[in-house]
Amino acid sequence: MNQNSNPKETLTFKEKLKVEGKRLLLTIAVVLVICQIAFYKESFFNVAKFSLSFLYFSLLPGYALMMLLADQLKPELRIILSFPVGLAVYAIVGYYLNMIWPIKYLLVIPLAVILTCGLVYYYKNKKITAKENIP
Amino acid sequence: MDWKNEGRITLWLVILFLGVFLFLGAGKISDHQITHASPTGMMASDAFTHNWVAQNTYDTGYIDTPPNYAFDSKEEAEQKVGNYKLFHPPVLPLLTASITQLSGLNLYDINILLVFLFIVLMVALNYFILAKFNETLALFSLPLSLLFLSGKFFISLSWGWWDFLTGEFFLLATILIILSEKFSFRYIVLAVFISITFMAHGVEAGYLGLFVFLYLFFSFIFRRKELSLLLLEQVQSFLLVIPLVLYFLPVIFKTMGAMGYAQVRALTNSQFITQIYNGSPPNYFVYFNEFLYFQGVILLGIFVLFYFLIKKRNELLPYISFVIIMSLFPYLYFTAGERGFQWRFLWPIYLSFSFGAVVYLIYSLIKRFIPSKFPLKFLFILGTFTTVIVFVLPLPFFGAGLIDQSDYASYLWIHKNSNTYDKLFILYSPINNQISRLYLLKRDWFVSTSETWQNMNLKESKLTRVEDHDPSSFFCERKDCSFFEESKFVDKVVKEKISSYKNISVCSVDYIYLPLKNQQEIFNKNVQYLQYLVQNNITQIVFQNEAAVIGKNTLKGEACESKFKS
């Protein structure tokens, strides 16, 4: 974060991230709880493995992309659309990369999407913050 | 109660409903477990087909690579294996294999659960689409979706219409994004969704075309000022779709497309049933009476909501028109046939709006006289939920499905103990008519038909009219599914179909697989045949459990043939 930026603006950006983070964590928790109840005979470890793996390919990259491309949308709409967005981006990129890489290497795609979106989001907001700070 | 909190409570009610839907659906079919000792919940051949494609993607690491056992030797495999492309829709297998790779759980468990999660998400997407018109109506619509878990609707999952369900999931997501508020890069998301819908199940991209047409048509009538911008957005996304699907386009059109898999037929419903099914439709075709006592309510609801939407010139008009047209397709001269009936599996989700509309109408009439609206709303959702659930319950646990634990144990024995290029002969069992259940054997096999069984005798090694399975049958050779070369794919498929029934000698196979769960008469002859092979030292029993006996041929070729001659 830019050290010279207005503390109020910095806080707003931080707050924004905090709110988004909370929303994301709440969604993950809800999915985990729902899956644990639906599959109550299964160990929590396996439920977590299944749910988190699913979320890794769907919600997480999808949410990162939707934060970047569509942050005007209502949060609940953004969350529900994150699932198909994440899965679609993975499937398309994965389908073409699979011509050269085996499946096990494709597992980095969601992480790469999340990191790239995170970086772009950070610099986009930093730029906006810096512009707003010009007297 | 303020509106903000009420909205939040509504959202929690939706989440609660989705949880119940998952519990009663995926929970019940899988006996509330994620991991199973064998594939669970798969009741028909198609489910195993999709499962096998995903399993092969996982095993080989590549979508486009056929298994090594599709070839006769290691040398042949090394030479030819890179020469293929998968023409089965790649989206579901890729996602399944990837989640399996990360989670380390069984692929067959992940596969069916993933499809059910798509259905749960479809219910949610449909809610958000309807909420564009009215949140309360959308909430009242939810309970009807529970009907999906009962009767013929549910066989779309258990019988394996999985690619269709995947395509529909992305179709609904595309519709929601088109109907949502415009944002700067919406055309990019739209392009990704259109491409994935096409790749997941090509026909759904056609349905999407119909929706976009209706969307632009209603925009032309009601929002003419925005039309040029909306058109521009569609053009922008279409330009992006082209490079995204360019590679896949010839793969699908020169294979499944050329073989008529789209099943687009210009017939009326009755013509279709008479010409294709001799007047009696197959038992999985869904008719309106599957809606039980809700038929009248649904018909009334369609008119009620349509009236509301026209009156308010609401943006939901294209969606509701789309659902109505799609639902009536089998009765019109357009896309009748299997695809028209396939769509009906999702009637409880798509037509839930009409149920919601009727309940909403009653609610609107009553709420005038009741000061406290939220408790009334809660009472209504509870009442409608209870009413539908009474018709849906009890939901039986179907059991393991077409392969149980002991069947799968025999499969696992084969994987562990036989060589990749070994050939199997499977003795007759009527259950093997659902032929894809044998795909998970992961070997090259010949399966006995009823004719083979009838002609099978102890005096000769010849087995007549056995079905030869080709493990590379979901792949096309690269030159047959590329843009620039002339495709001979259909000719090859026709030739292979003709030659897929052949006469072989029992002396040419490496293993003999005897299914034990069988009709008594079939069982007796099969056992007698295997016993003869064992007594004559041709075959040695190497595996036995309550589902199957596996014999290994210790004698092959001439040495084996001479035993029959003597």
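The table for this structure:
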| quantity | calculated |
| --- | --- |
| All-pairs alpha carbon distance profile, segment B:12-392, 20 Å steps from 0, percent | 26, 57, 16, 1, 0 |
| Debye log10 I(q)/I(0) at q = 0.16, 0.25 Å⁻¹ for segment B:1-66, Cα point scatterers | -0.74, -1.04 |
| Under 5 Å, built H, 5+ apart or other chain: amide partners of residue B:543 | B:550 |
| 3J(HN,Hα) from dihedral phi, segment A:71-77, Karplus parametrisation 6.51/-1.76/1.60, rounded to Hz, x for glycine, proline | 6, 7, 6, 4, x, 5, 5 |
| Cα convex hull of segment A:7-133 - mean projected area over all directions, nm² | 9.3 nm² |
| Structure-based [θ]222 nm, the protein assembly as shown - -39500 (n - 2.57) summed over DSSP H runs of at least 4, per residue, nearest 500 | -19500 deg cm²/dmol |
| Among A:90, B:211, B:134 - extreme Cα towards positive end, dipole of the protein assembly as shown, charges at beta-carbon | B:134 |
| Qualifying lysines (Cα of each under 22 Å from Cα of residue B:85; at least 8 residues distant if same chain) | A:104, B:74, B:254, B:442, B:479, B:488, B:492, B:495, B:497 |
| Residues with amide H under 5 Å from that of residue B:84, placed H, sequence gap 5 or more | B:478 |
| Built amide H within the under 5 Å cut-off of residue B:445, gap 5+ | B:424, B:469 |
| Sequence ranges B:471-480, B:452-461, ranked by mean other-Cβ count within 10 angstrom, highest first | B:471-480, B:452-461 |
| Fewest-first ranking of B:424, B:393, B:412, using other Cβ atoms within 10 Å as the exposure measure | B:393, B:412, B:424 |
| Segment A:7-133 - charge dipole about Cα centre, Lys and Arg +1 at Cβ, Asp and Glu -1, debye rounded to 20 | 260 debye |
| Helix B:295-312 axis, angle to chain B major axis (alpha carbon atoms, nearest 10°) | 50 degrees |
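Here, each number is a calculation from the coordinates, and none is a lab measurement. Note that the structure is a prediction, hence the values are computed from the model and not measured. Note that we place each Cβ from the backbone using ideal geometry, even for glycine, and neighbour counts take in every protein chain shown.
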